[in-house]
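Below: the structure, in structure tokens.
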């Protein structure tokens, strides 16, 4: 029997091992992305997708910390009564979707799945309704499906569009993304490079422009806890504050992968700010839309860190 007055010392071996694994992951990521970028120019797209998905299976096995985060997220998406197999299937599905997204990210646009706005946009009338007041539009999405393609397609609907984001840690990937955005006339507002990114976004809306942002990105902005599926998660209230300050509606927007590999841009009814509305109440409407999409398309939500606060 262990002495209650002599508690077991913390075992730092596991944390050190996990830190080492994460360090290795970061070291491997750069050459892997570089290899994908090169192969994208010489290997058929289908082959590249299979390679990337196969690598995602290896990552699931090799990195237990990542696997734990994915399984915990899966439990909150599916419910705590879900089976271990169902959670594992969803966790692996998320990584497989991430692998497909990486191919879309690095592949030349000529070989990427084509987006036809006339055929592959659901809810175009919601965009028109959001634009009608002339206050600008806050298009809010999740890191789901091909969210990069979604931002570029929204930029194609109308000019004067800017995306609010944090830069990728891997420089050459950021340069690839920035070049593609420039070709689509999509301006950039970088959160981690400006203390006044909110002022820039507000100015864009007051010019009747469009501001694009991810609702599951809260690192550099104020966050509050909301009931979300089977648990509690933190979301930034900043989109709601921006909406109330500008009068611009929030337009929930998602680019979902279809069974044939193409994507469908899905626009939901806009959420209009009303005078005297509490920012939290406004955001709660958006979170309820996020709930539905994560519940229906959980394997396409590219959230690989622990998202729920429990």
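Values in this text are rule-based calculations from the coordinates and carry no lab data. As the structure is a computational prediction, the values presented were derived from the model and not from experiment. Cβ atoms come from the backbone with ideal geometry, glycine included; neighbour counts cover every protein chain shown.
Given the Cα-Cα distance of residue 80 and residue 158 and 0.36 nm per residue of separation, how much length would full extension add, in nm?
Full extension of this stretch gives 23.8 nm more.
Evaluate the distance, in nm, between pseudo-label points positioned 7 Å from the Cα of residue 88 and of residue 275 along their respective Cα→Cβ axes.
It works out to 5.9 nm between the two label points.
Starting with the fewest neighbours, write out 164, 289, 211, 199 ranked by other beta-carbon atoms found within 10 Å of each beta-carbon.
199, 289, 164, 211
By counting other Cβ atoms within 10 Å of each Cβ, how are 189, 138, 77 ranked from fewest to most?
189, 77, 138
Taking Cα atoms of the range 172-265, Rg/Rh with Kirkwood Rh, to two decimals?
Rg divided by Rh gives 1.00.
Kindly put 268, 285, 275 in sequence by how many other C-beta atoms sit within 10 Å of each C-beta, fewest to most.
Ascending Cβ contact count within 10 Å gives the list 275, 285, 268.
If I model a spin label at residue 310 and residue 287 as a point 7 Å from the Cα along the Cα→Cβ vector, what separation in nanometres do I get?
1.5
Binning at 5 angstrom from zero up to the longest distance, how are the C-alpha pair distances of the range 117-300 distributed in percent?
Histogramming the range 117-300 at 5 Å steps yields 1, 8, 17, 21, 23, 17, 9, 3, 0, 0 percent.
Output the antiparallel fraction of DSSP beta bridges having both residues in the range 117-300, as a percent to the nearest 5.
40
If each residue of separation counts as 0.36 nm, what is the full-extension length gain between residue 174 and residue 188 once their alpha-carbon separation is subtracted?
3.9 nm
For the range 117-300, what relative contact order do you get, as a whole percent, if you take Cα pairs closer than 8 Å and at least 6 residues apart?
Once normalised by length, the contact order is 31 percent.
Taking every eigenvalue of the Cα gyration tensor of the range 202-310, multiplying by 5 and rooting it, what semi-axes result, largest first, whole Å?
Three semi-axes, in Å: 23, 19, 12.
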